[in-house]
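Visitor: Supplied in structure tokens, the structure appears directly below.
Derivation of every value follows stated rules applied to the coordinates shown; laboratory data play no part. From a predicted model like this one, the values you see are computed outputs, not experimental measurements. Note that we place each Cβ from the backbone using ideal geometry, even for glycine, and neighbour counts take in every protein chain shown.
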């Protein structure tokens, strides 16, 4: 298993009756691949739509939810919480909620079972003291250590302070760190909603029963401070885990589940990793998990969120250590990723979209093609959020008799007005003529 696992219970999601045989579908898929392959050998004779001629890299610096602030924690005269943007087991355990407090629903089930069965795991062996926080669309279970308060921004400290009766000190307690990451989750969710032009999520569900961005249930995210309990958590509840991060899916409840650990990461690096996982989970939660989508799409989007952080550390999430051959792919600085994208395009070694469209396993994307995925998403975002939203909507609403390659072709036509071959050509031209940003000085 790779570092980012895709382990699911209940088999592949399927809907409706099976009309075609597997053999008939395979024939149709091969015909599609053949036709697209022939097209890729032909010169592009059609003029490109003007929106494809992106100047610079506006996708990397796209402002998302710039004015967002979390809903405040409101207390009455006695200090009891009357309203909050989240439900917290800490607040519940210390009897801080007023009787009629307004907050998201508390946790009822974890991993399809009684929460106590999950929360009791690891308490004796690993001394875990998890804090459970629920938001409107997610359940966060976190066991993180203390953190210097300066690792949070001044803005984050301002938001965090009303969560606690006592003033924040120079070191945040594990409970305070859990609340800090819950606020970071909410901010990442707000940026995702802005990116996809959502009005709260429910209006985009397939029906009224799926209010959580189109899923039946809230997502679940488990965050650990150390590697061993993270690994054992995956093995205990799912039989496997990825090296740095994992995700699973419960078919019956339509619950997307993620897990990751901090380990020896510097706090800014882990903050970036956290955003990677949140963005990935949100994309699969959006419109429900009915089928896998090509791995380059969630990978590219997750790297976009991860790399919005202004830090200089090596934070390559999935595969661990660099293998030396493609060293640039492991560097954090945006110019390094830009240069690697240029090398791929100039050498003709980038993967064809007709190939990427068939690859749903993250292990199929070695470091170079994570860079390509990030570059493709940035190019898309440079043409506006509305077009990107159309592309994602089409990809998520694949029909049962449609192959991934067919839906990718349809998504590009509906969102950008060109087929896969033309889009790939336009992206490659953009990479060739765009100058990488200047490398930031370390300091």
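Visitor: I'd like the distance separating the alpha-carbon centroids of segment 371-443 and segment 180-198, in whole Å.
Guide: Comparing the Cα centres of segment 371-443 and segment 180-198, I get a distance of 22 Å.
Visitor: Okay, moving on. Could you give the Stokes-Einstein D for segment 74-289 in µm² per second, using the C-alpha Kirkwood radius, 20 °C, 1.002 mPa s? Working shown, then result.
Guide: Working: Rh = 17.8 Å.
Estimated diffusion coefficient is 120 µm²/s.
Visitor: Using R₀ = 25 Å, calculate the FRET efficiency as 1/(1 + (r/R₀)^6) where r is the Cβ-Cβ separation of residue 102 and residue 161; round to 0.05. Each step should come with its number before you reach the end.
Guide: Working: r = 20 Å, r/R0 = 0.81.
Efficiency computed from Cβ-Cβ geometry: 0.80.
Visitor: Another question about this same structure. Note down the nm distance, to one decimal, between modelled labels 7 Å out along Cα→Cβ at residue 194 and at residue 363.
Guide: The modelled label-to-label distance comes out at 3.8 nm.
Visitor: In addition: Based on the mean of other Cβ atoms within 10 Å per residue, sort peptides 219-229, 260-270 so the most packed one is first. Provide the component values of the computation, followed by the final result.
Guide: Numbers: 219-229: 20.9, 260-270: 18.3.
Highest mean packing first, the order is 219-229, 260-270.
Visitor: Which of the peptides 370-383, 287-300 is most tightly packed, and how do the rest follow, judged by the mean count of other Cβ atoms within 10 Å per residue?
Guide: 370-383, 287-300
Visitor: Subtracting the Cα-Cα distance from 0.36 nm times the residue separation, let me have the gained length for residue 82 to residue 48 in nm, one decimal. Let's see the in-between values first.
Guide: On the way: separation 34, 0.36 × 34 = 12.24 nm, distance 5.59 nm.
Working it through step by step, the gained length comes to 6.6 nm.
Visitor: Based on DSSP, what percent of beta bridges with both residues in segment 74-289 are antiparallel, to the nearest 5? All intermediate terms of the calculation are to be shown ahead of the outcome.
Guide: Values: 18 of 31 bridges.
Roughly 60 percent of the beta bridges in segment 74-289 run antiparallel, per DSSP.
Visitor: What is segment 74-289's relative contact order, in percent, from Cα pairs under 8 angstrom and six or more apart in sequence? Each step should come with its number before you reach the end.
Guide: Values: 327 pairs, mean separation 36.1, N = 216.
Value for segment 74-289: 17 percent.
Visitor: By count of other Cβ within 10 Å, fewest leading, how are 366, 100 ordered? If you can, show how the numbers build up before the last one.
Guide: On the way: 366 14, 100 7.
So the residues, fewest neighbours to most, are 100, 366.
Visitor: How would you rank 53-66, 172-185, highest first, on the average number of other Cβ atoms within 10 Å across their residues?
Guide: Values: 53-66: 15.0, 172-185: 22.4.
So the peptides 53-66, 172-185, ranked by packing, come out 172-185, 53-66.
Visitor: Taking the alpha-carbon centroid of each part, what is the distance from segment 247-290 to segment 131-151 in angstrom?
Guide: When both Cα centres are located, 14 Å separates them.
Visitor: Quick check: Cα centre of segment 338-354 to Cα centre of segment 55-120, how many Å?
Guide: 42
Visitor: Can you give me the distance in nm between label points at residue 114 and residue 385, each placed 7 Å from the Cα along the Cα-to-Cβ direction?
Guide: 4.4
Visitor: Further question on the same structure: Taking R0 as 30 Å, what's the FRET efficiency between residue 93 and residue 243 from their Cβ-Cβ distance, rounded to 0.05? Walk me through the intermediate numbers first.
Guide: Details: r = 33 Å, r/R0 = 1.11.
Efficiency, rounded to the nearest 0.05: 0.35.
Visitor: Given a Förster radius of 60 Å and the C-beta distance between residue 414 and residue 150 as r, what FRET efficiency does 1/(1 + (r/R0)^6) yield to the nearest 0.05? Display every interim value, and only then the final one.
Guide: Values: r = 47 Å, r/R0 = 0.78.
Step by step, r from the Cβ atoms, then E = 0.80.
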